[in-house]
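The values are calculated or read from the model by the stated rules, or taken from the named source; none is laboratory data. This one's a predicted model, so the numbers in the text were calculated from it and none came from an experiment. Positions of Cβ are generated from backbone atoms using ideal geometry, with glycine treated the same way; all protein chains shown enter the neighbour counts.
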Amino acid sequence: MSEPGKEATIYIVDVGETTGDCHNGRTESDLDYGMQYVWDKIATTLAASKTTLATGVIAVRSDETANPMGSEEGYENIAVLKELGPIHMTHLAGLQNKIKPSSTDFGDAISAIVVALEIIAKFTTLKTGKLGKFRRKIVLLTDGQGHMDGSGLEPIAARINELEVELVVVGTDFDDSEFGVKEEDKTTNKRNNEATLKALVESCTKGLFATTAEALESRSTPEVKVSKPYKSFAGRLSLGDYKYHPDTALYIDVQRYFRTKQAKPVGASSFVTRSDTGNGQPSGQSSHTVADDTEMTDAPDLSAVRNTFGYQVNDPTLPGGKRDVAREELAKGYLYGSTAVAISESEENVAKLDTFESFEIIGFIPSDKYERYLNFGECNITVAQSVNDKAKLALSSLIHALHELESYAVARLVSKDGKQPQLLLMAPTFENDMEGLLDVPLPFAEDIRVYRFPPLDRVITTSGATMKKHRNLPNEDLTKAMSDYVDSMDISSFGKNDEGYNINLAVYTYESTEYMPIEDTWSPAIHRTNQAIRTRAVEPSKPVEEAKDGIFMQWSQPPDDLVKKAAPALQKLVKAADVKQVAKKAKGRRYGAEKIIPLSGLDVNSLLDSGKPRKITIGNSIPEFKDLLRNTASQGDISNAVDQMAKIVREMFIAPEKDFSHGRVLENIRVIRSEMIELEMPEIYNSFIQDFKKTLATSKGPRGDPKEFWYMMKKARLGLIDKVELEHSEIPKEEAAEFLTWSSELPSRAK
């Protein structure tokens, strides 16, 4: 869990020659394997976009030596790739080019830690010589194959503790019995280096030693951002009117802080490609604007979208029927249901409630009479002034009285003069030797919507009679089967808690616990969005993969063991509910359907049918086409009907405009398309429209440019039927969109 404030983190990356090899069945190099963890952490810092988060990167076993202590013996082949400070996307791109396996195995990781310590000390020490309020952290990523001098670890550990640095060592294929990682063919050098680094970490007050596999798995657990607490109110909590009736009222000096804060996904920003005026300066912006545009620092080709608003009213006397008006001439409108009610500024001043800063208790309510669904927003906590013992004693008395009487207080809060009042429900709380009043907003009467639904356990007829048995009500067998199934799927105690290691049995013992604790449930909307941003920041060309494992998928489906356990109860429920599989929807569902026989028993269509194949005429094509489809008996009949309509459409198009307008041709095509969608036979229409486009391309009829007609078809959305529109189609959305384009010479209307 991260804390707000300043942070200084240095990543030491071992880029020795051996890190380019692949081990233990992996297809990626050891360096790329471990860098997944480092890139994820750096991308998290990038996403935070805070200048108080400083990041530095050092390479050990590098081909070059570039560090403040490089002139001293033992500090060779250590290079500072990025100085400690804020990190931007340009730094990330540069680091990706620099962090590659080197051609040397010289360079000591312990010496690199010493270099990192001195850089952090210099960066975080104030001018007075005291340490600043920083979280200091060094992360070492290594495969343990290089040379390390294990002598003199005590002074290094003492320096780490003096600077209050957290040392994290992430080792590729380092042994971890608890996590289940053990490298069998480990070299003696790597085993000794692993022991040296572990000893150093254990000597540190804040140290962590982990294998790379564990570090990578930890990425699936989101980091919760803890907001810095701030006061939402500071003043007097009163009971009664202490200004005008001090004998019958009291007040307590209090401070109110946010207890919970709603977390939201990262907002998206809109950008457009910058247009160049020809002198290297983007059009519409001065050089000062571009230089100060921090949002565009990492993307010089883009510019933020700026919105402008215009207002118009209907005016039939002007061309176009619209008249522009200034914003100052408009009156504010408020929605009352679906009706917009205009209110002038003078009327608004009369109706506006004149409020003054206050925090007053206006009543009390027994805790068992309060409905939890009335909670209306974020939670706050009210405590006494920190340096006011009299206020602490008074508030403590109020809190204990509410607790003993099992009651809540109802308060009215106006945080500042002129602000709208809030109604709050205040409940006593005792946590970590701290007493306070937790409050949540309450709704006003206008915020409550009352809906009445019919009862689920009985049916009330129109005459007012109550029926306990009905076809829409479950019987006793179904109710019991459903109850048993719900009980069998209980996850409240399905989890396993690691109680301890049994030495005699050499196994871990477990006890039942809650399967899904509330503190381990995360919002996918927030954390998956952040995960996607980090992925695209590190690898812009790589698609964001779906979450296949980890904490997000853990709650997306019930555990397999629980499903197997509940299978018998589910079968009983299926039997009691008489559940039957619904037949798959047939393709082309209308043809061959059961015909409706009139009450007279006479089938007029069969009487009028001469038995000869029916033809569609050009003068009455649409009604005859629909009628023919209603009486088709096979897929071949449908194809025949569409072929006839296709021939008619072509004849209409090549005929003079005075005979058949463009609108009539488009209407015939639209009918073919809609009928094939309804019959779920997109391939018939798609074949027709593709042939028709070829006909247009070679057409030289009296109707002018065929591109103009294709533009009309595009506007009417008469292109291919894609998978999005109908699942039976084999045409992807991209292909359907490309099909609608004619050529680069399509008529332009942007003149």
Fill in: Residue check for residue 423: in contact with an Asp or Glu (Cβ under 9 Å, 6 or more places away or on another chain), at pLDDT 85 or above, assigned to a strand (DSSP E or B) and over 30 Å from residue 570 (Cα atoms)
no
Worksheet entry | Scan of region 468-492 for residues that are more than 12 Å from residue 577 (Cα to Cα) and in contact with a Leu (Cβ under 9 Å, 6 or more places away or on another chain), ordered by number | 484, 485, 488, 489, 490, 491
Fill in: Any chance residue 666 is in a loop (DSSP other than H, G, I, E, B) and at pLDDT 85 or above
no
Practice prompt. Scan region 188-214 residue by residue and report those that are in contact with a Gly (Cβ under 9 Å, 6 or more places away or on another chain) and not in a helix (DSSP H, G or I).
Written response: 209, 210, 211
Discussion item. Suppose the filter is surrounded by 11 or more Cβ atoms within 10 Å (Cβ to Cβ) and closer than 22 Å to residue 423 by Cα; does residue 333 pass it?
Written reply: no
Worksheet item: Can you tell me which residue in region 153-193 is farthest from the chain's Cα centre (by Cα), limited to those that are surrounded by fewer than 13 Cβ atoms within 10 Å (Cβ to Cβ) and of a type in the set (Ser, Thr, Tyr)?
Response: 188
Worksheet item: Just a yes or no: is a residue in region 667-678 farther than 19 Å from residue 736 by Cβ and touching a Lys or Arg at 6+ places or on another chain (Cβ under 8 Å)?
Response: yes
Discussion item. If I filter region 28-38 for residues that are in a strand (DSSP E or B) and not aliphatic (A, V, I, L, M), do I get at least one hit?
Written reply: no
Worksheet, complete the sentence: Condition set at pLDDT 85 or above and of a type in the set (Gly, Ala, Ser), scope region 613-639, selection nearest to residue 650 (Cα to Cα): answer is 621
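Condition check: in a helix (DSSP H, G or I), over 25 Å from residue 619 (Cβ atoms) and not charged (D, E, K, R). Does residue 644 satisfy that?
Answer is no for this residue.
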Discussion item. So for region 155-165 (the condition being part of a strand (DSSP E or B) and in contact with a helix residue (DSSP H, G or I) (Cβ under 8 Å, 6 or more places away or on another chain)), does at least one residue qualify?
Written reply: yes
Worksheet item: Of the conditions (1) surrounded by fewer than 16 Cβ atoms within 10 Å (Cβ to Cβ); (2) of a type in the set (Val, Ile, Thr); (3) more than 20 Å from residue 38 (Cβ to Cβ), residue 196 fails just one. Which one is it?
Response: (1)
Response to the item:
Expected output for region 566-593 (first residue at pLDDT 60 or above, partner outside any helix (DSSP H, G or I), Cβ below 6 Å, 6+ apart or cross-chain) is 566/489
Fill in: Which numbered condition residue 124 fails, given (1) in contact with a Phe, Trp or Tyr (Cβ under 8 Å, 6 or more places away or on another chain); (2) under 24 Å from residue 28 (Cα atoms); (3) not basic (Lys, Arg)
(2)
Item to complete: Assess whether residue 740 counts as being closer than 28 Å to residue 627 by Cβ and under 45 Å from the mean Cα position of the chain (by Cα).
Response: no
Item to complete: Determine, yes or no, whether residue 701 is surrounded by fewer than 16 Cβ atoms within 10 Å (Cβ to Cβ), part of a helix (DSSP H, G or I) and modelled with pLDDT under 85.
Response: no
Worksheet item: Can you find a residue in region 455-462 that is closer than 18 Å to residue 375 by Cβ, surrounded by 10 or more Cβ atoms within 10 Å (Cβ to Cβ) and touching a Lys or Arg at 6+ places or on another chain (Cβ under 7 Å)?
Response: no
Discussion item. Tell me whether region 31-44 contains one or more residues that are over 30 Å from residue 529 (Cβ atoms), assigned by TED's automatic domain parsing to the domain that holds residue 190 and modelled with pLDDT of 90 or more.
Written reply: no
Worksheet entry | Filter pass, residue 205 being assigned by TED's automatic domain parsing to the domain that holds residue 112, in contact with a Ser or Thr (Cβ under 7 Å, 6 or more places away or on another chain) and either closer than 29 Å to residue 419 by Cα or touching a residue at least 24 places away in the same chain (Cβ under 8 Å) (or both) | no
